[in-house]
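Undergrad: One structure follows; several queries about it will come next.
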Amino acid sequence: MMRELLLGILVSFVVTAVFGRFLIPKLREMKAGQSIREDGPVWHMAKQGTPTMGGLMFIVGIGAAIVTIGFASIQAGRWGHIIVFGFALLYAIIGFLDDYEKLKKKQNLGLTMSQKFLIQLVVAVVLVLVLRLQGFLSPNLIIPFTGHTLFLPEIVYFIFAAFVIVGTVNAVNITDGVDGLVTGVSLPVALCFGTLAVHWGAMYTELSLFAGALFGGLLAFLLFNFHPAKVFMGDTGSLFLGGAICGLAFAMNIPLILIPLGIVYIAETLSDIIQFAYYRATGGKRFFRMAPLHHHFEMGGWSGKKWSEKKVFFVFSLVSTIFAVIAYLSMYLRYSI
């Protein structure tokens with residue numbers, strides 16, 4: 001178990017790092033530059049033209065790791081890591097189409113919200129069906145910190161699962177707004193899933209491999225994505241990342257762990273919702289200086305002191321790490337750890 005986790009980290013890190021050296025110049029050559037939101041912080045306009053769709057590099061790294069190290073599992077008919085990867089890949093395709101539309105139109109507008117929601121909802125339902133048929137999950141919710149289980153009617157669980165997946169995937173996407181931010185925030189998330197899988201025994205071997213590969217791929221991507229970013233992951237990468245996190249949560253049958261584990265994603269999404277609602281209710285006033293939350297702190301937060309992108313990265317990543325530990329402990333009672 002620990003062997004698969006560590007090998008997954010190593011192989012994915014190396015492949016991602018090497019592939020990134022070739023991918024970034026190719027993206028520049030293709031003029032695959034990011035269009036920056038005009039309503040974002042004005043200093044972000046300097047990022048205009050930075051290559052996007054860099055998420056392809058860790059997608060390739062993760063794929064290489066799970067196929068090579070997990071080949072014996074595939075031969076033995078254990079497909080958990082492939083199912084989660086395939087699910088995340090479907091979201092990456094949605095993101096790629098969105099990125100392509102943005103590049104074609106030369107503005108930060110891709111697929112419409114209704115188009116993305118409908119496609120993402122269909123993919124979410126497919127994942128839940130496949131995992132249910134393969135015996136990875138049951139229509140029951142394990143309550144964090146208690147060890148107790150809430151039993152739901154199957155149709156209720158399916159509706160719950162579909163909307164949790166779509167919501168989480170988009171929350172991860174929203175967090176991708178500052179150099180390295182969603183990468184740094186997601187590293188402890190991946191490691192939490194990996195360590196839980198290791199402690200829960202052989203039935204989770206393939207999932208520990210996938211979680212390790214996710215961690216290694218993100219760590220290598222951070223070499224290129226840390227401020228000042230040489231490349232952005234784009235919707236291709238952020239939707240893949242959201243899909244991978246949801247895939248792990250549901251394949252391990254612990255979706256409620258996403259509440260503490262995804263606290264930063266949740267806070268980012270809530271800041272957008274609060275900002276919109278407050279703006280409408282007050283006739284144009286803003287609750288935050290700018291939403292989502294990372295922009296609020298960049299603009300001065302409540303203290304008036306502006307945070308650098310590096311400070312946003314380190315503070316948000318630290319919060320994610322603390323809550324990853326809390327999330328790990330919240331599942332302590334499920335099995336003997």
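The values are calculated or read from the model by the stated rules, or taken from the named source; none is laboratory data. Just so you know, these numbers come straight off a predicted model, no measurement behind them. Ideal geometry is used to build each Cβ from the backbone, glycine not excepted, and the neighbour counts take in all protein chains shown. Areas reflect the complete protein model, heavy atoms only, side chains present, ligands, DNA and RNA absent. Shrake-Rupley method; radii C 1.70, N 1.55, O 1.52, S 1.80 Å.
Undergrad: What is the one condition in (1) part of a loop (DSSP other than H, G, I, E, B); (2) modelled with pLDDT under 90; (3) on the phi < 0 side of the Ramachandran plot that Gly49 does not satisfy?
TA: So Gly49 meets the others, but not (3).
Undergrad: Which numbered condition in (1) crowded, with 20+ Cβ neighbours inside 10 Å; (2) among the polar types (S, T, N, Q); (3) more than 19 Å from the chain's Cα centre (by Cα) is the only one that Thr168 fails?
TA: (3) is the only condition that Thr168 fails.
Undergrad: Something else now. If you take the residues of region 270-295 that are touching a helix residue (DSSP H, G or I) at 6+ places or on another chain (Cβ under 8 Å) and under 21 Å from Lys310 (Cα atoms), which of them is most open to solvent (accessible area, probe 1.4 Å)?
TA: Going through the qualifying residues, I end up with Arg289.
Undergrad: Against the condition among the hydrophobic types (A, V, I, L, M, F, W, C), in a helix (DSSP H, G or I), more than 13 Å from Val185 (Cβ to Cβ) and open to solvent by less than 10 Å² (accessible area, probe 1.4 Å), how does Leu241 come out, does it pass?
TA: No; evaluated as a whole, the condition is false for this residue.
Undergrad: Being within 13 Å of the chain's Cα centre (by Cα) and within 19 Å of Val84 (Cα to Cα) is true for just one of Phe193, Phe163, Phe158. Which residue is that? Full working, then the answer.
TA: On the way: Phe163 fails: within 13 Å of the chain's Cα centre (by Cα); Phe158 fails: within 13 Å of the chain's Cα centre (by Cα).
Only one candidate qualifies: Phe193.
Undergrad: Which residues, counting only those in region 296-316, are of a type in the set (A, V, I, L, M, F, W, C) and surrounded by fewer than 19 Cβ atoms within 10 Å (Cβ to Cβ)?
TA: Answer for region 296-316, where residues must be of a type in the set (A, V, I, L, M, F, W, C) and surrounded by fewer than 19 Cβ atoms within 10 Å (Cβ to Cβ): Met299, Trp302, Phe314, Val315.
Undergrad: Further, regarding this structure: Among the residues of region 140-154, which ones are buried (at least 18 other Cβ atoms within 10 Å of the Cβ) and either hydroxyl-bearing (Ser, Thr, Tyr) or in contact with a Pro (Cβ under 8 Å, 6 or more places away or on another chain) (or both)?
TA: Initial filter on region 140-154 (buried (at least 18 other Cβ atoms within 10 Å of the Cβ)): 141-142, 144.
Answer for region 140-154, where residues must be buried (at least 18 other Cβ atoms within 10 Å of the Cβ) and either hydroxyl-bearing (Ser, Thr, Tyr) or in contact with a Pro (Cβ under 8 Å, 6 or more places away or on another chain) (or both): Leu141, Pro144.
Undergrad: Determine if region 136-154 includes at least one residue that is in contact with a Leu (Cβ under 9 Å, 6 or more places away or on another chain), closer than 22 Å to Leu97 by Cα, in contact (Cβ under 8 Å) with a residue 12 or more places away in the chain and not in a helix (DSSP H, G or I).
TA: no
Undergrad: Please go through region 116-143 and pick out each residue that is among the polar types (S, T, N, Q) and over 18 Å from the mean Cα position of the chain (by Cα).
TA: Of the residues in region 116-143, the ones among the polar types (S, T, N, Q) are 120, 134, 138, 140.
Matches in region 116-143: Gln134, Ser138, Asn140.
Undergrad: In addition: Before we move on, is Phe221 out of contact with any strand residue (DSSP E or B) (no Cβ under 7 Å at 6 or more places or on another chain), of a type in the set (Phe, Trp, Tyr), assigned to a helix (DSSP H, G or I) and open to solvent by 30 Å² or more (accessible area, probe 1.4 Å)?
TA: no
Undergrad: Would you mind stating whether Ile94 is out of contact with any His (no Cβ under 8 Å at 6 or more places or on another chain), among the hydrophobic types (A, V, I, L, M, F, W, C), farther than 17 Å from Ala249 by Cα and touching a residue at least 12 places away in the same chain (Cβ under 8 Å)?
TA: On the way: out of contact with any His (no Cβ under 8 Å at 6 or more places or on another chain): yes; among the hydrophobic types (A, V, I, L, M, F, W, C): yes; farther than 17 Å from Ala249 by Cα: yes; touching a residue at least 12 places away in the same chain (Cβ under 8 Å): yes.
Considered against the rule, which asks whether it is out of contact with any His (no Cβ under 8 Å at 6 or more places or on another chain), among the hydrophobic types (A, V, I, L, M, F, W, C), farther than 17 Å from Ala249 by Cα and touching a residue at least 12 places away in the same chain (Cβ under 8 Å), Ile94 comes out as yes.
Undergrad: Could I ask something else about it? Within the bounds of region 97-117, is there any residue that is buried (at least 17 other Cβ atoms within 10 Å of the Cβ), within 23 Å of Leu248 (Cβ to Cβ) and without any contact (Cβ under 8 Å) to a residue 60 or more places away in the chain?
TA: Yes, some residue in region 97-117 is buried (at least 17 other Cβ atoms within 10 Å of the Cβ), within 23 Å of Leu248 (Cβ to Cβ) and without any contact (Cβ under 8 Å) to a residue 60 or more places away in the chain.
Undergrad: Quick check on this structure: which one of Leu191, Leu137 is open to solvent by 60 Å² or more (accessible area, probe 1.4 Å), under 24 Å from Phe215 (Cα atoms) and not basic (Lys, Arg)?
TA: On the way: Leu137 fails: open to solvent by 60 Å² or more (accessible area, probe 1.4 Å).
Of Leu191, Leu137, the one residue that is open to solvent by 60 Å² or more (accessible area, probe 1.4 Å), under 24 Å from Phe215 (Cα atoms) and not basic (Lys, Arg) is Leu191.
Undergrad: I've got another one for you. Could you count how many residues in region 48-81 are surrounded by fewer than 18 Cβ atoms within 10 Å (Cβ to Cβ) and of a type in the set (Val, Ile, Thr)?
TA: Number satisfying all stated conditions: 3.
Undergrad: Identify, please: which residue in region 99-131 is in contact with a helix residue (DSSP H, G or I) (Cβ under 9 Å, 6 or more places away or on another chain), of a type in the set (A, V, I, L, M, F, W, C) and modelled with pLDDT under 85 and is, among those, nearest to Gly247 (Cα to Cα)?
TA: Leu111
Undergrad: Has region 254-261 got at least one residue that is out of contact with any strand residue (DSSP E or B) (no Cβ under 7 Å at 6 or more places or on another chain) and surrounded by fewer than 19 Cβ atoms within 10 Å (Cβ to Cβ)?
TA: Yes, region 254-261 has at least one match.
Undergrad: If you don't mind, another one. So which residues in region 2-34 are in contact (Cβ under 8 Å) with a residue 24 or more places away in the chain, open to solvent by 50 Å² or more (accessible area, probe 1.4 Å) and more than 17 Å from Val231 (Cα to Cα), if there are any at all?
TA: Within region 2-34, Met2, Leu6, Leu7, Leu10, Val14 qualify.
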